[in-house]
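Q: Below is one structure. I have some questions about it.
The values are calculated or read from the model by the stated rules, or taken from the named source; none is laboratory data. Note that the structure is a prediction, hence the values are computed from the model and not measured. Because the Cβ atoms are built from the backbone with ideal geometry, glycine has one as well, and the counts that use them run over all protein chains shown. Just the protein is used for accessible areas: all its heavy atoms, side chains included, with ligands, DNA and RNA removed. Shrake-Rupley method; radii C 1.70, N 1.55, O 1.52, S 1.80 Å.
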Amino acid sequence: MRKVYHRIIQIAGIVITVEADDVAYGDLAEVTTSRGTSLAQVIRLQDSKVFLQVFAGSRGISTNDQVRFLGHPMRVSSSENLLGRIFTGSGRPRDHRPMLEDQLVEIGGPSVNPARRIVPKNMIRTGIPMIDVFNTLVESQKLPIFSVAGEPYNQLLARIAMQAEVDVIILGGMGLKHDDYLFFRNTLDEHGALSRSVMFVHTASDPVVECLLVPDMCLAVAEKYALDGKRVLVLLTDMTNFADAMKEIAITMEQIPSNRGYPGDLYSQLASRYEKAVDFEGAGSITILAVTTMPGDDVTHPIPDNTGYITEGQFYLRNGRIEPFGSLSRLKQQVNSDTRSDHRTIMDTMIRFYADYKETLEKQSMGFQMSSWDDKLLKYGELFETRMMDLSVNIPLEEALDLGWKTMKECFDRTESGIKTDLLNQYWPKD
Amino acid sequence: MQDANTGKIVGVNGNMLTVEFDTSVTQNEVAYALLGEHRLKSEVIRVRGNRADLQVFEDTRGLKVGDRVEFTGQLLSVELGPGLLTQVYDGLQNPLNDLAEKSGFFLQRGVYLPALNYERKWSFTPLAKVGDRISGGDWLGWVPEGIFKHYIMAPFGLGGAWEVVKAAPAGDYLISDVMFQLKNEKGELRDVTMVQQWPVKIAINAYREKLLPEETLITQMRSIDTFFPVAVGGTFCTPGPFGAGKTVLQHALSQFAEADIVIIAACGERAGEVVEILREFPHLSDPRTGKTLMDRSIIICNTSSMPVAAREASVYTAVTLAEYYREMGLKCLLLADSTSRWAQALREMSGRLEEIPGEEAFPAYLESLIAGFYERAGLVRLNNGETGSVTIGGSVSPAGGNFEEPVTQSTLKVVGAFLGLSRERSDARRYPAIHPLDSWSKYLSVAAPEKLDFARNLLRRGNEVNQMMKVIGEEGTHINDFVIYLKSEFLDYVYLQQNTFDKVDGACSKERQIYVFDKVSAILRAKFDFDDKDQAHRYFLELRQMFIDWNYAEFESEEFNRLEQAVDEKLKEHTHA
Ligand SMILES: Nc1ncnc2c1ncn2[C@@H]1O[C@H](COP(=O)(O)OP(=O)(O)OP(=O)(O)O)[C@@H](O)[C@H]1O
Ligand SMILES: [Mg+2]
């Protein structure tokens, strides 16, 4: 039995301090108060002082409460028994079923040796032209949906998850609304996917530290499954709450903030999670789709900004549509050369025309005279929006490409397309 | 001995340890924290009284107060010798392929392997003989490393005058074999092997003088070589918001730049991007040598989820390796992606040290560290009269894409060329997204100055017309102005833009650039007469189309000539004779 300490010498924010020896950095302790028991983690050692971050917060802790060190860092069960189960951020069951303690793995484990990574090669088909044609999603990609409150980002996340061919879905909810939690659960259930899903859910009313644990819990489990050969899709919503939890904790710990109150290691913290996305040679893979709601719809805000620097592209979800500008899948070129020979060209050309259309719209709104070229663009833009951008469109990639040629043909002459002649000969629709 | 250099942990805060010691420690010396059978590499970064603060290059989980720390007395160093090329190292020069063999998928902490192969034999040819007087950096012999003569050099730190007293004959040797014995005036003897250690944070300065970088480093990227050139031995930076194309640009440079040695420092960025290089380079051939690109490359890979302190070290490791090959008279190109991540690593550590923060919480000494890093670039004349160079290109990832931030600003003060990538251009898929109006370079272009000035001026005026058209509309714009705008767009599309991923267009040789730029210049200068703007617009679209096809044709091929003729024909349509 490990030693129990009864003298808490300092309580500040969510951090308590005890005097103890033989305690390892990163280890867990159990803090027992009159209100119950909470886990706490060693976040600093200084001489004989041990600083502990209490998961449930420090409210109600008294100086003579009991602290018992567990002798190991945070762990999570990684067995198959997790499938179909729902947990809190610290791994307690949310579904009134038993606690799971088999095949425990440490969370936040070491990173994959870059020399053992492979170049991703499998397209994930979603049936959404804005994704499949223009910003192809790739197995083992890490990709956030940049959006704002009120947009149907959770619906989009769920739709992609249901359509993607993966073995396991792991949902990490951070500051998730109860309704959204139910939405995910019901969607998974309706599609018969609940039994191949695991959920770690932190809701807005749960302690803030548990919010921080969610991605690590999800990814530790995902890693284990992937090593066992499973293709795992991890959904994280909303990473903005995760970052805000970090900020809150950093401020209570009096760390010097770097940018708008966020800690200087925001980038490294986010990266260490997102970089868990991987394709293991000879085993499975982890793909991460996350939601990042942009405070003030501002992409230069530190959270989306740092995220964009880490992830392999992003989807902008605005007005219920995936925006062609700014949205980007950086891995698309790994797969879109093997789909169809016109894929890349359609992708580039249609976006360029759509950009020109936007400019024309601007001119039109300022009351300028429209040239015949402008008229073509106006026609094109509207067709593009209904045929490609509307999220209700659900067609396979090949059909979408054909539709692309058809649309361009309806609007432009072949010489105006800027497309290499040999491709035009092959694909430009004949009369 | 044992007691003299050990200490005891008294504090752990993230990756910072506070260690109490009894005797003495040296600032920046390497120490190992002992965790069970693991030895966690660390570096002394501050000393106060009998306590030292150490940054640990590993996860510190599991360390306890009272755990032992061994000081080595050595500054953080790299091993220099034959066999560095083709290697993939982490920020501390751990060979990642060997680590993978030993530990599998994951990077296990506390596992360090030799950077060089101590079992392989190299075929050695001596240059120095007994009786020769030598000093640090002198070429004593060489071994073939791929296509290069890898010179075995007198240790760079060799002070004073030395004489060769023993020399090994030609033959096959291990890098640890003693090849020479040197003696100085005081009669001290020193053995020289093929390997030497050098502390990464100190520049190798075994050369006669630093020269002014004048020669253009051909990158085969039109907008760089023609508009914003880089010099051999110069420095440049590529700041840009996320997704603007910094990494794609660096990868293109690493493939196509006409350097002998390319060192890629993947510093705190995505692991996946390095993997692309690792998997591709061994298969891509270098047209200038016929060997693979890997044969001229070294990759330093300390990606964003790898330990932050090692990230800080990684750029120094990289530049030290570059300096080493420079000492052999080679042209080395160091590409660091991204220097902002290095700066952030400094910021994290500064925060833990509770130093007084500067702007955006970066340490106050950020600027001098950045300057010091770029200062390690240069064209040098070696002691033997040969020249060698280190060219440094760093990408910068400014917060919010706003260049008014400490890392970008500090970098701009010291580099010779600024290739600013813009969100506006990358959103419009105008790649490379180097902004043609904001960027600048102090180095020499491959194009003739008057043509360049004309083109630059046209870009500026085209932009003005475009801005004006947004206010007064196309119909209010005079056709002459409109044609200027069309010309500037033409220049952008057919010359500034370049398809990095195309086999032909991706790499545009110096000769081709000069040739094509002449043609473009002629078009920019030509006087056209059009009936109306629609006609002008259509004409330039068609011309652009033909020109792009031309760009995709192999230089001086039949196809190339045929397409050129077509362009010439097209030109006659609306120009005055
Ligand atoms: N020259 C180019 N040609 C075609 N596409 C490009 C080019 N440059 C960039 N892109 C596109 O933009 C994406 C992002 O480019 P890149 O990874 O180089 O951005 P970055 O500036 O390094 O971003 P970050 O700061 O986030 O690392 C690429 O995946 C590619 O899709
Ligand atoms: Mg990049």
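Q: What residues in the stretch B:94-116 lose 50 Å² or more of accessible surface when the other protein chains are added to their chain alone (1.4 Å probe)?
A: Buried by 50 Å² or more upon assembly, which counts only protein chains, are B:105, B:106, B:107.
Q: Counting each DSSP H run of 4 or more residues in chain B as -39500 (n - 2.57), what helix-only mean residue ellipticity at 222 nm follows after dividing by all residues, to the nearest 500 deg cm²/dmol?
A: Working: 13 runs with 172 residues, N = 577.
After summing the helix terms and dividing by the residues of chain B, the value is -9500 deg cm²/dmol.
Q: Still on this structure, please answer the following. Once the whole set of protein chains is in place, how much accessible area is left on residue B:540, using a 1.4 Å probe, in Å² to the nearest 10?
A: Solvent-accessible area, nearest 10 Å²: 10 Å².
Q: A follow-up question, please. Return the long-range amide H neighbours of residue B:89 (sequence gap of 5 or more, or a different chain), with a cut-off of under 5 Å between placed amide H atoms.
A: Amide H neighbours of residue B:89, under 5 Å, 5+ apart: B:96, B:299, B:300, B:301.
Q: Still on this structure: Between chains B and A, what is the buried accessible area in Å², counting both sides, with a 1.4 Å probe and ligands, DNA and RNA left out, to the nearest 100?
A: Buried area (both sides, nearest 100 Å²): 6500 Å².
Q: Now for a different question. Report the local net charge at residue B:75: Lys and Arg +1, Asp and Glu -1, summed over other residues whose C-beta lies under 9 Å from its C-beta. List each step's numbers first, then the result.
A: Values: positive: B:201; negative: B:29, B:43.
With Lys, Arg at +1 and Asp, Glu at -1, the net is -1.
Q: Could I ask something else about it? At a Cα cut-off below 23 Å, give the lysines reachable from residue B:503, other chains included and same-chain residues fewer than 8 away excluded.
A: List returned: A:121, A:332, A:420, B:246, B:291, B:519.
Q: Using a basic spin-label model with each label point 7 Å from the Cα along Cα→Cβ, how many nm lie between residue A:253 and residue A:97?
A: 3.4 nm
Q: Just reorder A:420, A:332, A:409 by solvent-accessible area, largest first, 1.4 Å probe, all chains present.
A: On the way: A:420 80, A:332 15, A:409 60 Å².
Largest to smallest exposure gives the sequence A:420, A:409, A:332.
Q: Same structure again: Per residue of A:256-269, what is the mean number of Cβ atoms on other protein chains within 10 angstrom of that residue's Cβ?
A: Going residue by residue through A:256-269 and averaging, the value is 6.
Q: How big is the stretch B:121-197 by Rg and Dmax over its Cα atoms, in Å?
A: According to the Cα coordinates of the stretch B:121-197, Rg and Dmax are 11.7, 40 Å.
Q: Continuing with this model, one more query. Where in the stretch A:168-275 are there GluC sites (Glu not before Pro) that are in a DSSP coil and have at most 16 other Cβ atoms within 10 angstrom of their Cβ? Walk me through the intermediate numbers first.
A: Details: sites: A:190, A:210, A:223, A:248, A:254, A:275; in loops: A:254, A:275.
Qualifying residues, ordered by number: A:254.
Q: Just check the stretch B:208-441 against the gyration tensor rule for me: Cα atoms, a ≥ b ≥ c as the square roots of the eigenvalues, rounded for a/c under 1.5, and otherwise prolate or oblate depending on whether a/b exceeds b/c.
A: rounded
Q: Let me ask something else about it. Looking at the square roots a ≥ b ≥ c of the eigenvalues of the Cα gyration tensor of the stretch B:5-75, which shape do they give, rounded for a/c under 1.5, prolate if a/b is larger than b/c, or oblate?
A: Here the stretch B:5-75 falls in the rounded category.
Q: Straight-line reach from residue B:64: which lysines have a Cα under 22 Å away, not including same-chain ones fewer than 8 places off?
A: In chain and number order, the partners are A:3, A:49, B:8, B:41.
Q: Per 0.36 nm of contour for each residue apart, how much would the distance between residue B:573 and residue B:557 grow if the chain were fully extended, relative to their Cα-Cα spacing? Before the final figure, lay out each step's value.
A: On the way: separation 16, 0.36 × 16 = 5.76 nm, distance 2.52 nm.
Value of the extension gain: 3.2 nm.
Q: So, one more: Can you compute the helix-only [θ] at 222 nm over chain A? Use -39500 (n - 2.57) per DSSP H run of at least 4 residues, normalise by all residues, nearest 500 deg cm²/dmol. Kindly include the intermediate steps, with their values, before the conclusion.
A: Numbers: 12 runs with 142 residues, N = 431.
Helix-only estimate at 222 nm: -10000 deg cm²/dmol.
Q: Now for a separate question. What is the distance in Å between the Cα centroid of the stretch A:306-326 and that of the stretch A:189-260?
A: Comparing the Cα centres of the stretch A:306-326 and the stretch A:189-260, I get a distance of 20 Å.
Q: Nearest 5 percent is fine: what portion of the DSSP beta bridges confined to the protein assembly as shown is antiparallel?
A: Details: 118 of 174 bridges.
Antiparallel bridges make up about 70 percent of those DSSP assigns within the protein assembly as shown.
Q: Under 5 Å between amide hydrogens, which residues at least 5 positions from residue A:316 or on another chain qualify, with H placed 1.01 Å from N in the peptide plane?
A: Residues meeting the criterion, in which the H sits 1.01 Å from N, are A:146, A:323, A:327, A:328.
Q: Counting only the backbone N, which residues of the stretch A:289-314 are under 18 Å from the spot 7 Å out from the Cα of residue B:402 toward its beta-carbon?
A: From the stretch A:289-314, the list is A:294-309.
Q: What's the angle, to the nearest 10 degrees (0 to 90), between helix B:246-256's Cα axis and the longest principal axis of chain B?
A: The answer is roughly 90 degrees.
Q: Pulled fully out, how much extra length does the chain show between residue B:527 and residue B:193, if you take 0.36 nm times their separation in residues and subtract their Cα-Cα distance? Walk me through the intermediate numbers first.
A: Details: separation 334, 0.36 × 334 = 120.24 nm, distance 6.82 nm.
Going from the current span to full extension adds 113.4 nm.
Q: For a Förster distance of 22 Å, can you work out the FRET efficiency between the beta-carbons of residue B:70 and residue B:46, rounded to the nearest 0.05? Walk me through the intermediate numbers first.
A: On the way: r = 18 Å, r/R0 = 0.84.
So, using R0 = 22 Å, E works out to roughly 0.75.
Q: If you average the alpha carbon positions of the stretch B:187-220 and of the stretch B:373-447, how far apart do those two centres end up, in angstrom?
A: 23 Å
Q: Same structure again: Give, as a single signed number, the net charge of other residues whose beta carbon lies under 13 Å from the beta carbon of residue B:443, with Lys and Arg counted +1 and Asp and Glu -1. Could the numbers behind the result be given before it?
A: Working: positive: B:442; negative: B:214, B:215, B:225.
Summing Lys and Arg as +1 and Asp and Glu as -1 gives -2.
Q: Moving on. Per residue in the stretch B:221-268, which ones lose no less than 20 Å² of accessible surface when going from chain alone to all protein chains (1.4 Å probe)?
A: Residues shielded by partner chains are B:242, B:243.
Q: What Rg and what Dmax come out for the stretch B:30-155 when only alpha-carbon atoms are used, in angstroms?
A: In order Rg, Dmax, the Cα atoms of the stretch B:30-155 give 19.0, 56 Å.
Q: Give me the one-decimal nm value for the distance between modelled label points at residue B:448 and residue A:364, 7 Å along each residue's Cα-to-Cβ direction.
A: 4.6 nm
Q: What is the sum of charges, Lys and Arg at +1 and Asp and Glu at -1, for the other residues whose Cβ falls under 10 Å from the Cβ of residue B:462? Kindly include the intermediate steps, with their values, before the conclusion.
A: Details: positive: B:460, B:461, B:487; negative: B:464, B:481, B:489, B:492.
Summing Lys/Arg as +1 and Asp/Glu as -1 gives -1.
Q: Keeping all protein chains in position, work out how much accessible area residue B:192 exposes to a 1.4 Å probe, and write it in Å² to the nearest 10.
A: 0 Å²
Q: Can I ask one more? Express the C-alpha Rg of the stretch A:4-73 as a ratio against the empirical globular expectation 2.2 N^0.38 Å, rounded to two decimals.
A: Working: Rg = 10.3 Å, N = 70, 2.2 N^0.38 = 11.1 Å.
Computed over Cα atoms of the stretch A:4-73, the ratio equals 0.93.
Q: What full-extension length gain, to one decimal in nm, is calculated for residue B:102 and residue B:168 as 0.36 nm per residue of separation minus the Cα-Cα distance? Present the calculation step by step, with values, prior to reporting the outcome.
A: Numbers: separation 66, 0.36 × 66 = 23.76 nm, distance 3.49 nm.
Extra length available between residue B:102 and residue B:168 comes to 20.3 nm.
Q: Could you calculate the FRET efficiency of residue B:178 with residue B:205 from 1/(1 + (r/R0)^6), where r is the beta carbon distance between them and R0 is 25 Å, rounded to 0.05?
A: Working: r = 25 Å, r/R0 = 1.02.
About 0.50, to the nearest 0.05.
Q: Taking just the alpha carbons, could you work out the radius of gyration and Dmax for chain A, both in angstroms?
A: For chain A, the Cα radius of gyration and maximum Cα-Cα distance read 24.9, 86 Å.
Q: Please list 3J(HN,Hα) in residue order for the stretch A:337-350, calculated via the Karplus relation 6.51 cos²θ - 1.76 cosθ + 1.60 where θ = phi - 60°; whole Hz, with x for glycine and proline.
A: 8, 9, 7, 8, 5, 9, 4, 5, 5, 4, 4, 5, 5, 5
Q: Shape call for the stretch A:78-334 from the C-alpha gyration tensor, a ≥ b ≥ c root eigenvalues: rounded (a/c under 1.5), prolate (a/b greater than b/c) or oblate?
A: Numbers: a/c = 1.23, a/b = 1.02, b/c = 1.20.
Here the stretch A:78-334 falls in the rounded category.
Q: While we're here: Heads up, I need the accessible area for residue A:205: 1.4 angstrom probe, whole protein in place, Å², nearest 10.
A: Result for residue A:205: roughly 100 Å² accessible.
Q: Please work out the average accessible area per residue across the protein assembly as shown, using the 1.4 Å probe convention, and give it in Å². Mind dumping the intermediate values first?
A: Numbers: 38020 Å² over 1008 residues.
Per residue, the protein assembly as shown has an accessible area of 38 Å².
Q: Got a number for carbon plus sulfur as a percent of the protein assembly as shown's accessible area, 1.4 Å probe?
A: Within the protein assembly as shown, the accessible surface is 48 percent carbon and sulfur.
Q: From largest accessible area down, sort B:481, A:422; use a 1.4 Å probe on the protein chains. Intermediate results must be reported in sequence, preceding the final value.
A: Working: B:481 50, A:422 100 Å².
The ranking, largest first, comes out as A:422, B:481.
Q: Let me ask something else. With a 1.4 Å probe and all protein chains kept in place, how do B:478, B:283, B:38, A:202 rank by accessible area, largest first? Write out the running numbers ahead of the final one.
A: On the way: B:478 105, B:283 150, B:38 60, A:202 10 Å².
The ordering from most to least exposed comes out as B:283, B:478, B:38, A:202.
Q: Could you check the spin-label model distance between residue B:120 and residue A:182? Points 7 Å from the Cα along Cα→Cβ, value in nm.
A: 6.5 nm
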